[in-house]
1. Mind listing just one residue for me: the one in region 54-79 that is touching a Phe, Trp or Tyr at 6+ places or on another chain (Cβ under 8 Å) and of a type outside the set (V, I, T) and, of those, farthest from R152 (Cα to Cα)?
2. Step by step: first the residues of region 104-149, then only those that are among the charged types (D, E, K, R) and in a loop (DSSP other than H, G, I, E, B), then the one that is nearest to the chain's Cα centre (by Cα). Which residue is that?
3. Give me the pairs, please: first residue somewhere in region 107-122 and without any contact (Cβ under 8 Å) to a residue 12 or more places away in the chain and within 17 Å of S138 (Cα to Cα), second residue anywhere and assigned to a loop (DSSP other than H, G, I, E, B) and not charged (D, E, K, R), beta-carbon distance under 6 Å, and either six or more positions apart or on two chains.
4. Does R153 satisfy the condition of being over 18 Å from the mean Cα position of the chain (by Cα) and assigned to a loop (DSSP other than H, G, I, E, B)?
5. Looking only at region 60-70, count every residue that is exposed (fewer than 13 other Cβ atoms within 10 Å of the Cβ) and over 13 Å from H90 (Cα atoms) and tell me the total.
6. Report whether or not T77 is hydroxyl-bearing (S, T, Y) and surrounded by fewer than 19 Cβ atoms within 10 Å (Cβ to Cβ).
7. Looking at A44, A39, which one is among the small types (G, A, S), surrounded by 16 or more Cβ atoms within 10 Å (Cβ to Cβ) and either more than 23 Å from S114 (Cβ to Cβ) or out of contact with any strand residue (DSSP E or B) (no Cβ under 6 Å at 6 or more places or on another chain) (or both)?
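FYI, it's all coordinate maths here, none of it is from the lab. Keep in mind that what you see is a predicted model, and the values were worked out from it rather than measured. Here the Cβ positions follow ideal geometry from the backbone for every residue, glycine too, while neighbour counts run over all protein chains shown.
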Amino acid sequence: MTDASFRPGAALSRDPGTERPVLRLDHRYPRPAERIWRALTDGAELSRWTPWEVAVDPVPGGAIRLAFAGGAPEAGTVTAAEQPRLLEFHWPGIPGSPYDENLRWTVSPDAGGSVLVLDVTLQDLAHAPQSAAGYHLSLAHLDDLLAGRPVRRAQIPPADPRFQPLVDHYTAVLPGEV
């Protein structure tokens, strides 16, 4: 995956109920919704393209457990799931971290593929460029997985040399206030 060939759409808004910032990334993949759903809900696949080891029960009220490399598992809850179009979960993160997030993945069929939209309800607007860069890398890794290319797994803290240029990119393109 080259940097120029993968540019998801990005936007910021506010959740009307909580006033928390919401980061939106979207990308069209040339794969059916069912294939993307499997990549979102199969723990082994999800663990290949995200920086987490993941176990997920993709039903409303189901458990999701995420662990960064070398870290303790963190528990979250699936808040919505409609196969193959919607997966939403709350991830409280580690107390004191900027990762008390709600993640909403929506898959919509599109001619010859599907559009994946990720809405991340953030704790802190100032963290949006870093979150956008990290999720951008994960979505690029998903693109590799779906295309059958080798997947270079995301890392935390980001050791990928693309991370800081992506932070700079999202700092420039995302508004400082919403």
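1. Checking each candidate, the answer is G76.
2. D124
3. Final answer for the pair search is none.
4. no
5. Count: 2.
6. The answer is yes for T77.
7. On the way: A44 fails: surrounded by 16 or more Cβ atoms within 10 Å (Cβ to Cβ).
None of the other options fit; the residue is A39.
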